1. For THR198, all conditions in the list (1) within 12 Å of ligand 1 (Cβ to nearest atom); (2) open to solvent by 30 Å² or more (accessible area, probe 1.4 Å) hold save one; what is the number of the exception?
2. Kindly indicate whether GLY279 is in contact with an Asp or Glu (Cβ under 9 Å, 6 or more places away or on another chain) and not aliphatic (A, V, I, L, M).
3. Can you find, within the range 88-104, the residue that is surrounded by the fewest Cβ atoms within 10 Å (Cβ to Cβ) among those that are of a type in the set (S, T, N, Q) and not in a loop (DSSP other than H, G, I, E, B)?
4. Could we say that THR266 is farther than 27 Å from ILE327 by Cα and within 12 Å of ligand 1 (Cβ to nearest atom) here?
5. If PHE290 satisfies every condition in (1) touching a residue at least 60 places away in the same chain (Cβ under 8 Å); (2) more than 21 Å from SER185 (Cα to Cα); (3) surrounded by 23 or more Cβ atoms within 10 Å (Cβ to Cβ) but one, which is the exception?
6. What number of residues in the range 54-76 are outside any loop (DSSP other than H, G, I, E, B), on the phi < 0 side of the Ramachandran plot and of a type in the set (Gly, Ala, Ser)?
7. Restricting to strands (runs of 3 or more DSSP E) lying wholly in the range 238-302: which have 2 or more residues that are touching a helix residue (DSSP H, G or I) at 6+ places or on another chain (Cβ under 8 Å)?
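The values are calculated or read from the model by the stated rules, or taken from the named source; none is laboratory data. Not measured: the values here are computed from a predicted model. Here the Cβ is made from the backbone with ideal geometry for all residues, glycine too, and neighbour counts use every protein chain on show. What goes into the accessible areas is simple: the full protein's heavy atoms, side chains included, and nothing from ligands, DNA or RNA. Shrake-Rupley method; radii C 1.70, N 1.55, O 1.52, S 1.80 Å.
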Amino acid sequence: MQRSTCNTTDSTLTVGTCLPSTDCNRSGGRSSGTCARGFGVCCIARHSCGETTSYNNTYFVNPSFNSTDSGTGACTLTVNRVNTSICQLRLNFIDFQLAQPDVDGNCNVDFLAVSPSSTVPRICGSNSGQHMYLDVDPLGGPVRVTVDRSGIAMNRSWIIQVTQITCDSRDTAPSGCLQYYTTTSGIVSSFNFNSSPTPSSGTGQIAGLDYGVCVKMADGYCGIIWETNSASGTNHTFSLTNNADAIDKDVLGSPAAATTGMDCNTDYVMIPGGTDDTGVSNDRYCGLGFPNSVTSTMKPFTLYVHQDSDEANDAGNRGFSLRYRQITNC
Ligand SMILES: [Ca+2]
Ligand SMILES: [Ca+2]
């Protein structure tokens, strides 16, 4: 029986591997529905601290999965490649609730770390719905995914789906892209965007980030438009620098509060070849607002995110939530 992926009957851990029932049991998996015309079971690989997996679509969960944990310490999943032609892993954060960063955005209480990887940044806070890609050496050793939790008492939970992508797959992200979107429109938010920083907690932004968000150019499309995500229900949809607690709430998030160009030198997003709706061209965007729209025809479609190491002159920043759509008239 070929080890193909299958759809489980579970509403959260939805992808499994089709295996003979005895193999599923032997691997520590959980059978969830049948496959191969009833000859196999759809086997969910669900693992937690200190465990090792050799299955695609393994779900790395907190120890008290389906409930929260208040325990501390490092929790590591070791991932072996399913074969010698795996070039990327995708980490899908179905659930991700860890401690918030400190007032400067540093993840020094809790953090997620991946080794060996030079591209995956330390993140923490609330990141459900986010994802990351990392390039791996097809012939390299195991990859370790670690959630490290320090002393503070809080309820933590995580469900991280680890997908293995073969080198010749159509799903491979361009090398070096931390995030990759393949639809013609969508929403891209910064890590921990959903936090609600208070003046005392400081920031929702995570410090020390430098990554690219790539968007796959669809057939027949030639450009991409970035706009603030007005459906997010907050006017904090773009707060990267300066004091968000001090600005008039009617101005916050609007083009009038945007900062552009070389005035953006601490935290900013970069849209190569960007031109706003008033015809002004800039690569860098920061401040407490974003233009009505920024269009670029430069390929590949990429948004870069830069966060420096602190929030020295900033307060109440949440990061960004931007909506993109590809266009055919360039
Ligand atoms: Ca900031
Ligand atoms: Ca900063």
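1. Looking at each condition in turn, THR198 falls short on (1).
2. No, not satisfied.
3. Kept after step one, since they are of a type in the set (S, T, N, Q), are these residues of the range 88-104: 88, 92, 97, 100.
The next check asks that each one be not in a loop (DSSP other than H, G, I, E, B); those that pass are 88, 92, 97.
Numbers: GLN88: 21, ASN92: 17, GLN97: 19.
Among residues in the range 88-104 that are of a type in the set (S, T, N, Q) and not in a loop (DSSP other than H, G, I, E, B), the one surrounded by the fewest Cβ atoms within 10 Å (Cβ to Cβ) is ASN92.
4. Numbers: farther than 27 Å from ILE327 by Cα: yes; within 12 Å of ligand 1 (Cβ to nearest atom): yes.
It is true that THR266 is farther than 27 Å from ILE327 by Cα and within 12 Å of ligand 1 (Cβ to nearest atom).
5. PHE290 satisfies every listed condition except (2).
6. Going residue by residue through the range 54-76, those that are outside any loop (DSSP other than H, G, I, E, B) are 58-61, 69, 73-76.
Still in the list and also on the phi < 0 side of the Ramachandran plot: 58-61, 69, 74-76.
Among the residues that remain, those that are also of a type in the set (Gly, Ala, Ser) are: 74.
Of the residues in the range 54-76, 1 are outside any loop (DSSP other than H, G, I, E, B), on the phi < 0 side of the Ramachandran plot and of a type in the set (Gly, Ala, Ser).
7. Numbers: elements: 258-260, 268-270, 284-287, 294-296.
The qualifying strands (runs of 3 or more DSSP E) are 284-287.
So that you can scan it fast, the table gives a plain yes or no per residue for (1) open to solvent by 20 Å² or more (accessible area, probe 1.4 Å); (2) of a type in the set (Gly, Ala, Ser); (3) more than 25 Å from THR295 (Cα to Cα); (4) under 18 Å from the mean Cα position of the chain (by Cα):
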| residue | (1), (2), (3), (4) |
| --- | --- |
| THR163 | yes, no, yes, yes |
| THR172 | yes, no, yes, yes |
| SER175 | yes, yes, no, yes |
| GLY202 | no, yes, yes, no |
| ILE206 | no, no, yes, yes |
| LEU209 | no, no, no, yes |
| CYS214 | no, no, no, yes |
| ASP219 | yes, no, no, no |
